[in-house]
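Below is one structure, written out as structure tokens, with a few remarks after it.
Read-outs throughout are calculated quantities, based only on the coordinates presented, and are distinct from any laboratory measurement. Since the structure is predicted, the reported quantities are computational estimates derived from the model, not experimental observations. Backbone-built Cβ (ideal geometry, glycine too); neighbour counts: all protein chains shown.
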Amino acid sequence: MAVTEVGTDAPGGEARKAKQPKPAPLLAADGTPLRKKLRQALMLSRMRAFALVAPLLLFILIAFVIPIFAFMVQGFYDNEYAKFMPRSTEALADWDGESEPTEEMYAAMVADLVAARDHPDRPIGRVATRVNRELSGTRSLFTSTARKAARMEAPFKDAMIKADKDWADIETWQAVKVASTAWTPAYYAASLDFKYTATGDIVRQSEDRRIHVTLFLRTLEIAFTVTVLTILLGYPVAWLMANLPLRTSNLLLILVLLPFWTSILVRTTAWIAMLQGQGVLNDVADWSGINSMIVWAELRFAELGDMLWPSVWQEIANRFDVNLAYDRLALASLCANDVNQVLNQGQGALDGLAQRAAADLTDCATEMLAIYNANGVEAAVAKARELKADAGFAGYGDERFSMIYNKTGTLIAMTHILLPFMVLPLYSVMKTIKPSYLRAAKSLGATNWVAFWRVYFPQSVPGIGAGALLVFILAIGYYITPALVGGQDGQMISNFIDFHMRRSLNWPLAAAMGGVLLIFVLFFYWLYDRIVGIDNMKLG
Amino acid sequence: MKLKHILIGAVSAATLSSAALAEGQLTVVSWGGAYTKSQVEAYHKPFIAETGVQIISEDYNGGLAEVKAQVEAGNVTWDIVDVELSDAVRGCDEGLFEPLDLSMLPAGADGTPAEEDFIEGTLHECAVANIVWSTIFAYDTTVLAEGPTTIEDFFDLEKFPGKRGMRKSPKANLEMALIADGVDPAEVYDVLATEEGIARAFAKLDTIKDQIVWWEAGAQPPQLLADGEVVMTTAYNGRVFNAFAAEGKPFKIVWDGQIWDLDLWAIPKGAPNAELAKQFLVFSTETEQLAAQASWISYGPARKSSAALVSHYTDRPDLPMAEHMPTAPENFTRALQNDFEFWADRQDELNEVFNAWLAQ
């Protein structure tokens, strides 16, 4: 062991030391300087510590950092075209994307097509698929021209246009140019509904093909709603667990953990059985008449809202696109009558309506008549059907509620599945809050509410923070539940990543969408850190 | 979800000796459910009995993703896959499937050479068809006594209110919508090749959009019908037939406006047991095996010579198969063959438009 002289001196030692210009180095028992010895000892323990975490570090590097980096890059890099069609790639690199395609471009293309067809890997299909992503229909153009390419002779421009007139089309060449760029922003642009063009611009995707922004927004909305719902549902449960006697709280804990240990698939399919049109909940509601009561209550609520604050209610209805109840109300009474008459009797009913005074007409009748006068009977009947379909949206038409295969189903099932991730951090934080604080607050004159809100709640915030971050990040990338119960409007971004992975085989686009999703998560992590502070988070 | 059935050949003394001659293992991938069962009965079992090879049967949901992943990773575990025509063509073009020497196919049982015996368009560079199947729509006769009879009825919410089941894909749906909108089947793909045609098909789908329940796996639509979740649904004809014949469900198929297609065997490039897979391919597409499959499920055999051998549903002599085939003349009055070239060219774009339409 290292033996030191420090402190062994008599009290006068300090004065003696001060006189010495340079103290002799402290030596260990074996004669090496103590400083060096200490460094060696520290080094050794550091090495040991590093060796212990090295497997984990390596694991994180191999299973986490490298794959994420690789897929982020894959969203930018696609050499499917450039790899197999080097000549035309080079010829197109100099082309401005607007002027008339040159003979060199045609010649290079023919040479490439011939080479690709003779290649043992038969890459022509892959090349064609790549170009086809930019412009529909070019796939067969490539495969059919490749078959004829070997027999083509100069001038190649004429020969190719003769083989297929689409080669004269500048759009074809623009698509090829975009496809031939190996390092490309095209996929990240596409994942945000933009389009990368041959001239190097990034423009908005045509309206009927815009989808990803809607999906990202919907994903955020669902993740956010689920987080709020889990807080609302989880907080009281966690509070009970933390404050009830041990026996009861253990039972509660088991009730929370039991579903947590059950397979997600089982829980999701259980919700299908519960919520579907002919499912348990609908059967009970139908049998007990609850569903009619709910529809009735909705109608009365809308009626009340319309009576008390017509302008406010309309505003709310328009803002949130929830004017269903309002529409239903209107239809429920006189409107429905008119609509049904038109549906049943067609022209006769319309003529009947036309004879009434304009002021006596219901909104539905006015709408149908306007269409009848402009476009004839069939259009008016179609409108009536549309009105009726709106009214029948959630129960008035058919008495059963659509609670699954839509966004509602996704929300319900996801909230249930993610609830333990909120309850457990909340519980572990609440467990540490001493009940004496609340008692102290009350003894000092606080009401129950003040004691809770001013004393208890602030101490539980780290638990809410931890739970919210956990639930939100899990929810934003959720896949299996929306895939099973999402129907058409409950699908999330991960379902489309899956679609591009497994169905359309557009892996770079899937990678780009994954990259954007990752950026979202990092952004919210940053935001959380700014607002709540990551140090405030407590998992237990 | 992949279901793995391991079928080990009936180990009788007789087969043990032949098993010793050609031992091996073969992974056969198909669509699962009643369809895989028909193949197990008609192809796998006799093949196992003859060669002693062990067959592992896996299920998948179509598409090329798994094949592509395996081939590109150089780790192919599937030996032979049952694919749709458009995927067979695309996979062949992209070098995912092994090119086949079609001369290895034997002549039909009646002596017709293979090229003539197979229905036109069922032999391909990389794939050999086994069946003709069809997307039709069906309903429950106990729910709708006076049921729909034409494809127009499927889109008519006034005459037949209630939910509709449809496959979550533009394929077949757009074609059906156009036929229901009055387009002649022969012109459907010409119309669909134009912007207006696409808009017209989606406009037709719009009329029932609120009422559509989307399905993805072939086993779902009969279940949706049985649960009363939908009043009518598009489906693969064999699945509906199976629910009707084997499970006694009161379902009825409407053949009007059917979209028919082929299923083919293809061998992924680099399959571990490619030689055995070829042997299986040749064996299973012989006249007798194709005919045998048709007695288990109502998909039409790809060989003309098989038709004569198809009689009735297994175990039910009262149920002749002929009238349940997509190719039966009375079912074939207004039918359209799925155009693989069209879909290979335009599926990326149409998928995008379809998904955007769904999300609206």
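With the cut-off at 55 Å, report for the protein assembly as shown the share of all Cα pairs above it, as a whole percent.
Value for the protein assembly as shown: 27 percent of Cα pairs lie more than 55 Å apart.
How many percent of the alpha carbon pairs in chain B exceed a separation of 26 Å?
The calculated P(r) of chain B puts 51 percent of pairs beyond 26 Å.
Rounded, prolate or oblate for chain A? Axes are the square roots of the Cα gyration tensor eigenvalues, ordered a ≥ b ≥ c, and the cut-off for rounded is a/c under 1.5. Could you put the intermediate results ahead of the total?
Numbers: a/c = 2.89, a/b = 1.17, b/c = 2.46.
Oblate, because a/c is 1.5 or more while a/b does not exceed b/c.
Apply 1/(1 + (r/R0)^6) to the Cβ-Cβ distance of A:LEU253 and B:ALA217, taking R0 = 35 Å, and write down the FRET efficiency to the nearest 0.05.
The computed FRET efficiency comes out at 0.40.
May I ask you to sort A:SER180, B:SER311, B:SER86, B:SER169 by Cβ crowding, counting other Cβ atoms within 10 Å and putting the fewest first? List each step's numbers first, then the result.
Numbers: A:SER180 25, B:SER311 14, B:SER86 21, B:SER169 18.
Final ranking by Cβ density, sparse to dense: B:SER311, B:SER169, B:SER86, A:SER180.
Report the antiparallel proportion of the DSSP beta bridges in chain B as a percent, rounded to a multiple of 5.
65
Going by amide H atoms built from the backbone, whose H comes under 5 Å of the H on B:LYS269, apart from near neighbours?
B:PHE97, B:GLU98
What is the Cα radius of gyration of segment B:192-287 over 2.2 N^0.38 Å, N being its residue count? Don't jump to the answer; show the numbers that get you there.
Numbers: Rg = 18.9 Å, N = 96, 2.2 N^0.38 = 12.5 Å.
My calculation over the Cα atoms of segment B:192-287 gives 1.52.
State the Cα centre-to-centre distance between segment B:149-210 and segment A:271-290 in whole Å.
Cα centroid of segment B:149-210 versus Cα centroid of segment A:271-290: 31 Å apart.
Under 14 Å Cα-Cα from B:LYS304, which aspartates and glutamates qualify once same-chain neighbours fewer than 8 residues away are excluded?
B:ASP110, B:GLU115, B:GLU116, B:ASP117, B:GLU120, B:GLU286, B:GLU288
If you look at just the Cα atoms of segment A:82-134, how large are its Rg and its Dmax in Å?
For segment A:82-134, the Cα radius of gyration and maximum Cα-Cα distance read 11.4, 35 Å.
Looking only at the protein assembly as shown, where both bridge partners belong to it, what percent of the DSSP beta bridges are antiparallel (to the nearest 5)? Before the final figure, lay out each step's value.
Working: 37 of 54 bridges.
The answer is about 70 percent antiparallel.
Which value in nm describes the separation of the simple spin-label points at A:SER45 and A:VAL266, placed 7 Å from the Cα toward the beta carbon?
Reported label-point gap for A:SER45 and A:VAL266 is 4.8 nm.
Quick one: what Rg and Dmax do you get for segment A:142-220 from the alpha carbons, in Å?
17.2, 57
Short version: ³J(HN,Hα) in whole Hz for each residue of segment A:471-477, in order, from phi by Karplus 6.51 cos²θ - 1.76 cosθ + 1.60 (θ = phi - 60°), x for Gly and Pro, what are they?
Once rounded to whole Hz, the list reads 5, 4, 5, 5, 5, 5, x.
Taking each full run of DSSP H in chain B as one helix, which ones are at least 24 Å long along their axis (Cα atoms) and have mean Kyte-Doolittle hydropathy of at least -1.0?
B:340-359
Which pairs in the list B:LYS45/B:LYS249; B:LYS209/B:LYS252; A:LYS407/B:LYS163 are over 25 Å apart, alpha-carbon to alpha-carbon?
B:LYS45/B:LYS249
Shape of segment B:140-252 from its Cα gyration tensor (a ≥ b ≥ c, root eigenvalues): rounded if a/c is under 1.5, otherwise prolate when a/b > b/c, or oblate? Kindly include the intermediate steps, with their values, before the conclusion.
Numbers: a/c = 2.00, a/b = 1.74, b/c = 1.15.
Since a/c reaches 1.5 and a/b is larger than b/c, the shape of segment B:140-252 is classed as prolate.
Would you mind listing how long segment A:80-209 runs along its three principal axes, going by Cα atoms, in whole Å with the largest first?
43, 32, 26
Which chymotrypsin sites (Phe, Trp or Tyr not before Pro) from segment A:464-525 combine a DSSP loop assignment with at most 16 other Cβ atoms within 10 Å?
Qualifying residues, ordered by number: A:TYR479.
If you keep only loop residues by DSSP, which trypsin sites (Lys or Arg not before Pro) in segment B:74-173 have at most 15 other Cβ atoms within 10 Å of their Cβ?
B:LYS159
Kindly rank A:143-154, B:345-356, A:196-207 from highest to lowest mean number of other beta carbons found within 10 Å of each residue.
Packing proxy ranking, top to bottom: B:345-356, A:143-154, A:196-207.
Assuming R0 = 56 Å, what is the FRET efficiency of A:GLU153 and B:THR112, from their Cβ-Cβ distance, to the nearest 0.05?
Numbers: r = 42 Å, r/R0 = 0.76.
Taking R0 as 56 Å, the efficiency between A:GLU153 and B:THR112 is 0.85.
Among the GluC sites (Glu not before Pro) within segment B:138-236, which fall in a DSSP loop and have no more than 15 other Cβ atoms within 10 Å of their own Cβ?
Here the GluC sites (Glu not before Pro) that fit, given the DSSP loop and packing criteria, are B:GLU146, B:GLU158, B:GLU216.
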